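Every number in this text was worked out from the coordinates using simple rules, so none of it is lab data. Just so it is clear, the model here is predicted, and its values are computed rather than measured. Here the Cβ is made from the backbone with ideal geometry for all residues, glycine too, and neighbour counts use every protein chain on show.
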């Protein structure tokens, strides 16, 4: 539901030291809104990151994404690891675990149907008051109101097609276990500890990626960069510096679970 303006707190902070690029996925104006559901596949979404890098003539970058952007970041890293300095995947994993797949797909299809019928004017408040979004509302009503105001400006068609073609049909993170096991790109996994759909998936990524570190943010829901912008920025900042200094390490094989004590 978020978009490039949702990253303002991060862009303001990191632009002091970095060139920062935030962009909207297809379906979210000012990016194009294709009319065919097949144009919203996960392959298209991860290729969008590559297109931005190529278009701006950037060889490598720290790639950061949240929610469906985190999925795109993960998929990108699994296919083009040579183009990433690092991967930060925040709020990743909804609908990825086997027990949640069918329900997530059903809810995505239902939400798409409702959006096409009613538009964002009627759907924004309902979607915003989800079990993983109320944390933002409780912590910062002003930030929540701003977030809902931005959502109301989205394309209902583009969002619905994203739900149908990307959210409902994207492959599970678990389908990439072979790629995860071979990944050497420094990776930071961030999840709010009240973002229930992402908890087990975040742990699964940590267990299968020797290049990954995991942080759970306390009493935080899905929109962790909006709920706790200072903490989110601090975590990313430390991670980037560790990578750039050459001090980020792969997991020591001795730390692989094999015994209890």
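Here are the numbers for this structure:
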item	result
Among 62, 222, 241, residue whose mean-square fluctuation peaks in a GNM of the chain (springs only between Cα atoms under 10 Å)	241
Viscosity 1.306 mPa s, temperature 10 °C, Stokes-Einstein D of the range 33-99 from Kirkwood C-alpha radius, µm²/s	127
Linear extension gain, residue 79 paired with residue 103, 0.36 nm per residue minus alpha-carbon span	5.9 nm
Rel. contact order, % - alpha carbon contacts under 8 angstrom, at least six apart, the range 120-261	25
Angle in degrees between helix 101-118 and the longest Cα principal axis of the chain, rounded to the nearest 10	30
Residues 250, 217 arranged by fewest to most Cβ contacts within 10 Å	250, 217
Helix 229-244 vs. the chain, principal-axis angle (Cα, 0 to 90°, nearest 10)	40
Two-site label geometry, residue 118 and residue 252: point separation in nm, points 7 Å out along Cα→Cβ	5.4
For the range 43-91 and the range 218-242, distance of Cα centres in Å	19
Sequence-separation-based contact order of the range 78-190, relative, with Cα cut under 8 Å and 6+ spacing, percent	53
Expected-Rg normalisation [2.2 N^0.38 Å, Cα atoms] applied to the chain	0.97
Segment residue 245-residue 179, extension gain: residue separation times 0.36 nm, minus the distance between their alpha carbons	21.2 nm
Acute angle (nearest 10 degrees) that the helix 141-151 long axis makes with the longest principal axis of the chain, alpha-carbon atoms	70
Normalised contact order of the chain, rounded percent, pairs of Cα under 8 Å and 6 or more residues apart	23
Virtual spin-label span in nm between residue 17 and residue 126, 7 Å along Cα→Cβ	4.4
